[in-house]
1. Could you list, in sequence order, the residues of the range 27-45 that are touching a residue at least 12 places away in the same chain (Cβ under 8 Å), out of contact with any helix residue (DSSP H, G or I) (no Cβ under 7 Å at 6 or more places or on another chain) and not in a strand (DSSP E or B)?
2. Determine whether the range 52-74 contains at least one residue that is within 30 Å of residue 13 (Cα to Cα), part of a loop (DSSP other than H, G, I, E, B), within 19 Å of the chain's Cα centre (by Cα) and modelled with pLDDT of 70 or more.
3. When you scan the range 9-26, do you find a residue that is modelled with pLDDT under 85 and in a loop (DSSP other than H, G, I, E, B), even just one?
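The values are calculated or read from the model by the stated rules, or taken from the named source; none is laboratory data. Because the structure is a prediction, the values reported are computed rather than measured. Every residue, glycine as well, gets a Cβ built from its backbone with ideal geometry; the counts of neighbours run over all protein chains shown.
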């Protein structure tokens, strides 16, 4: 079911002003909003459940946004390269 997200006035933690917070996008069921006064971004984590997000798969590298690491580039052997240039 599509939920309508309403811009409601709230206090900005950076400038302290009460204003409508512009909804920029939604990521992992969290609203990412920006203060219309100072431009500071903030996350509304009301719908976020960390136990569903931070699973064993997250910490073992099974998810790209977890402990995933890019494979290391092969080591460059300077001597081998110099030999190939001479040949």
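1. Result: 29, 36, 37, 38, 40, 45.
2. There is at least one residue in the range 52-74 that is within 30 Å of residue 13 (Cα to Cα), part of a loop (DSSP other than H, G, I, E, B), within 19 Å of the chain's Cα centre (by Cα) and modelled with pLDDT of 70 or more.
3. no
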